[in-house]
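Following: one structure in C-alpha cells, then a few remarks.
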Amino acid sequence: MVSANMDIPKTGYNQYLVKRAVYAETNFQEEHEKKEITQKKIRERLQNSCSCSARRVFLIIKSIFPILDWLPKYQWKEWIVSDIISGVSTGLVSTLQGLSFALLAEVPVGYGLYSSFFPVIMYMFLGTSKHLSIGPFPVVSLMVGVVVLQLAPEENFKLSNSTSVELNFTNHTNSSENSGLDTERMNQQRVLVSGTLCVLIGIIQLLLGVLQIGFIVRYLGEPLVGGFTTAAAFQVFVSQVKQLLNVPTKNYNGVLSIIYTIIDIFKNIAKTNICDFVAGLLAFLVCVVVKEINERYKHKLRVPIPIEIIVTVVATGVSYGAKFEEKYKAGIVKTIPSGFISPIAPDVSMFQSMIGSAFSIGIVSYAVAVSVAKVYGTKNNYPVDGNQEFIAYGASNLFGGIFSCFCASTALSRTAIQEGTGGKTQLASLVSAGVVLIAIVALGRLLEPLQKSVLAAICVANLKGMFWQVKDVPKLWRENKWDSLIWVFTCIAAIILGLDLGLLAGLVFGLLTVVLRVQFPSCSALANIPDTELYKNVKLYKDLVEPDGVKIIRFSSGIFYGNIEGLRSGIRRIVGFDCVRVYTKRTKALRKIHKLIKKGELTTTKNGVISPVGIDNLGYDSADDPEDPDHEMEDGIQTKEVEIQVDWNADLPVKVSVPKVSIHSIIFDFSQITFLDVVAVKVLKLIYKEFKRIDVDVYIATCEDSVLKKLEMCSFFEDAIQYDIFFLTVHDAVLHIEHEKKYKPGHDPLLEKISLMKDSNYLPEYQELQEPDEAMRALAF
C-alpha cells in the first residue's frame with residue numbers, strides 16, 4: 001500500500017509512505033509468480049526469418065535504398081532552391097579539397113576529382129544521412145598514401161643515367177622533380193594501388209555491414225578518435241610542409257617515419273624554393289584569416305566566403321601569367337586529365353599485402369563519417385543507421401575503386417557547408433557532384449599552372465579543427481583521467497608508430513583501461529539515512545547511521561576472475577578483519593583452552609570460559625556411565641564432549657591474539673552487479689562459508705534476476721546456503737536482521753558455543769572447504 005502526502009516538507013518536494021511486508025526472495029516468489037518464457041526453437045526462428053511477403057520485400061528494399069523513403073516525400077517547392085545553393089557551394093569546396101588531398105594519397109591530383117565524384121553518386125542512393133558530404137578526407141588520404149608508398153616506392157621506378165637524360169631532353173620536364181624516375185609508370189602503378197586498396201576497403205565495409213557489425217565503431221571512443229585525428233593532422237602537416245617548401249625528401253613509412261621526414265626537411269631546408277614558399281605562405285594566411293571571419297560571422301553570412309576557390313583562381317592566374325615554372329622552377333600541378341578514364345580491374349594479388357591496412361583505413365573512414373552523420377542527424381531529428389552506413393560506404397568505395405578513386409569518407413568542413421547553406425537532402429550532394437563533373441570535363445585543365453604549394457596551404461588550413469582538439473585534454477583530465485590518458489597515448493603512438501599501428505595501439509590501450517577499471521572495483525560501506533529506507537556511502541555523508549552489528553557493502557562492478565581478489569580485499573578493509581585469520585586464531589585459542597581444561601587449570605567461570613555443568617573439577621561425572629562408548633579416560637581427566645562459551649572480544653586465558661569481530665551480520669548490496677562468472681560464484685560461496693564459520697550471518701540484497709539465475713546455474717545454493725538470505729532491498733535485509741535479533745532473548749552475538757572433541761584436528765573443516773593452497777595460506781597465520 002502506497003500513500004502520498006502532497007504537503008511540501010522541509011527536506012524535499014513531496015513524501016510517500018509505503019506499507020508492505022519484508023520481502024526475501026523466497027516469499028516474494030511465492031506471492032508473485034514468474035512468467036514462463038519459452039525460447040523459440042532454431043527451426044521456428046529460421047522459418048520466421050526466411051518467411052516472405054510482398055510488404056516484407058518492400059521494407060527490405062527500402063532499408064537497402066533509403067532514397068526510396070525520402071525522395072517520394074521531397075518538398076520540391078520549399079527545398080529545391082536550398083539544395084541547389086548548398087550543392088554548388090559544397091561542390092566548389094569538394095573540387096579544391098579533392099585536388100589538395102590527392103597529394104596526401106600520393107596519386108596525381110586529377111584523381112582527387114574522381115574521388116569527389118563517384119562515391120557521392122553511390123552514397124546518395126544508399127546512405128541514411130541527409131547532410132553528409134562524401135569524398136576525400138585528409139586523415140584517410142594520408143593513410144592511403146602510406147600504403148601507396150609501401151607498395152609503389154620511388155626506388156622501383158628509377159632509370160639508368162642514359163635513359164634519364166634522354167627522357168629529360170625529349171620531354172623537357174623539370175629535372176628537380178623527375179630526374180632519374182619513370183614518372184608516368186610510377187603514377188600508373190600508384191593509381192592502381194590506390195584503386196585496388198579502395199576496392200578492398202569497400203569489400204570489407206560491405207561485409208561488416210551485411211553481417212550487422214556496425215557496433216564495432218563503439219570501441220573507437222571519442223577520446224581515442226580525438227587523439228588519433230590530432231596525430232593524423234600532425235602527420236598531414238609535416239607531409240604538406242615539404243610540398244610547401246618544395247624541398248627534396250625521401251619517402252619514409254613505418255615506425256618513426258614522421259621523425260625521419262622532419263630530419264630530411266631540416267637537412268634540405270637550404271634548397272627551399274622561395275617562390276613556392278611565398279605563394280604557399282600567402283595562401284595559408286589568407287585562408288586562415290577568412291575562415292576565422294566565416295566562423296565568427298556565420299550567423300550573418302548566408303553563404304560562407306569560398307576562400308579556397310578565390311585563392312585557387314588567383315594563384316593559378318598569377319602562376320600562369322608570371323610563368324613561375326619556367327622562371328623559378330616552381331612545382332605545379334602540370335597535368336589534370338580531361339574527362340573520364342576507363343574502369344580498371346583491381347590487382348587481386350595485392351590484397352594479401354594490404355589487408356591489414358585496408359581494415360584499419362575502412363574502420364577509420366567509417367568511424368569519422370558516421371560520427372559526423374550522427375551529429376547532424378541528431379541536430380535535424382532523423383535517425384542514422386550504423387549498419388546501413390557501413391553498406392553505403394562499402395558500396396561507394398567499391399564503385400569508386402573501379403574508377404581509380406582512393407578511399408572516401410567525409411570532412412567536417414564540407415558537411416558543415418552543405419548543412420549550413422540550407423541543404424535538406426542528398427540532392428544537394430548530387431548538385432555538388434555535378435559541379436565536380438564540370439571541373440573534370442571542362443575546367444580541370446585550367447588549373448594545370450596552379451602551384452602544389454598552394455594546394456598544400458589549403459590542405460593545412462583545413463586542419464585547424466583537428467589541431468584545436470588538443471584543448472580537450474585538460475577538460476578530459478578533469479572529467480575522467482582514463483579518457484585523457486587514452487587521448488594522449490593514442491596521439492603519441494600514432495605519431496611515433498604510424499597511423500595504422502598507432503590506431504591499433506590506442507585501441508588496445510583503451511580496452512586495457514576498461515579491464516583495469518573493472519579489475520579494481522569500487523567497494524564501499526553503506527549506512528542508513530535516518531527515518532528512511534535509503535542507504536548511502538558513509539564516506540560521502542555526515543548524518544548516516546550504521547545498524548548495530550551490521551556492515552552493508554556495495555560492489556560497483558561485475559564480478560569475474562580478474563577482480564575477485566580485489567573484491568575480497570575491499571571486504572576485509574570495510575569489516576576490519578580477515579575471516580580466515582579470525583577462524584585460524586580462534587581454533588588455535590580453543591585448542592589451548594582445551595588443554596587447560598584437561599589439565600584442570602580452568603574449573604570456574606573466568607574470562608568467558610564457563611565450567612561445564614555436572615562436572616566436578618573435571619573429574620568423573622556421576623551421571624556418566626563409564627561403559628558409555630563416548631566416555632573415555634585419559635590421565636584421569638574427563639574428555640567427553642564439552643560445551644563451553646567464549647567471549648572472543650574479552651581477554652582470553654591463553655596467550656593467543658584473536659582479532660575482534662564487532663559485527664554479527666553482513667549485507668552485500670548487489671544492485672550494481674551486472675554479471676558473474678563461474679570463478680566469482682565459487683569465491684562468493686567461499687566468502688559466505690568463511691563468515692558463517694565465525695558466526696557472522698551473510699545476506700544479499702537487490703540482486704537482479706539474471707544474476708540470481710547465474711548463481712542457480714553455477715550451483716551456488718546447497719543445504720547451507722538457501723534462498724532466504726536474498727532480499728529485495730537492503731532495508732528489507734536490515735529489518736529482517738533486527739527482527740531476528742530482537743526475538744532471541746539472551747542471545748549475545750559475541751558469544752559462541754563450540755564443541756571440543758578429544759584430540760581435535762587443527763583445521764579439519766577448513767581444509768575440507770578450501771583448496772589445498774588456500775588451506776596452507778590459512779595455516780600460515
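The values are calculated or read from the model by the stated rules, or taken from the named source; none is laboratory data. All of these numbers come straight from a predicted model, not from anything done at the bench. A quick note on method: Cβ atoms are made from the backbone with ideal geometry, for glycine too, and the neighbour counts reach across all protein chains shown. Heads up: the accessible areas ignore ligands, DNA and RNA and are worked out on the full protein's heavy atoms, side chains in. Shrake-Rupley method; radii C 1.70, N 1.55, O 1.52, S 1.80 Å.
Based on the mean of other Cβ atoms within 10 Å per residue, sort peptides 202-211, 506-515 so the most packed one is first.
202-211, 506-515
Could you tell me the distance between the Cα centroids of segment 45-115 and segment 449-493, to the nearest Å?
Result: 28 Å between the Cα centres.
Sort out for me the Cα centre separation of segment 219-236 from segment 339-391, rounded to whole Å.
Result: 17 Å between the Cα centres.
Quick one: if the Förster radius is 22 Å, what FRET efficiency do Asp548 and Arg573 give, using the C-beta to C-beta distance and rounding to 0.05?
0.60
Using a Förster distance of 35 Å, how high is the FRET efficiency between Lys599 and Lys660, based on the Cβ-Cβ distance and rounded to 0.05?
The formula returns an efficiency of 0.80 here.
At 1.4 Å probe radius, can you tell me the per residue accessible area of segment 372-420 in Å²?
On a per-residue basis, segment 372-420 sits at 32 Å².
Which of the lysines could be linked to Lys271 by a straight reach, that is with a Cα gap under 26 Å, when you skip same-chain ones fewer than 8 residues away?
By straight Cα distance, Lys271 reaches Lys158, Lys242, Lys250, Lys323, Lys327, Lys329, Lys334, Lys452.
Report the label-to-label distance for Ile344 and Ser53 in nanometres (one decimal), using points 7 Å from each Cα along the Cα→Cβ vector.
5.1 nm
Roll a 1.4 angstrom probe over the protein heavy atoms and tell me the percent of accessible area of segment 357-499 that is carbon or sulfur.
69 percent
Go ahead and run the numbers for FRET between Ala720 and Arg478, Cβ-Cβ distance against an R0 of 30 Å, rounding to 0.05.
Efficiency, rounded to the nearest 0.05: 0.05.
If I model a spin label at Glu30 and Val470 as a point 7 Å from the Cα along the Cα→Cβ vector, what separation in nanometres do I get?
Between Glu30 and Val470, the simple spin-label model gives 7.0 nm.
Straight-line reach from Lys300: which lysines fall under 16 Å, measuring Cα to Cα and dropping same-chain residues less than 8 apart?
Straight-line reach from Lys300, under 16 Å: Lys291.
What order, most packed first, do the peptides 223-233, 57-67 have when packing is the mean number of other Cβ atoms within 10 Å of each residue?
Order by mean packing, descending: 223-233, 57-67.
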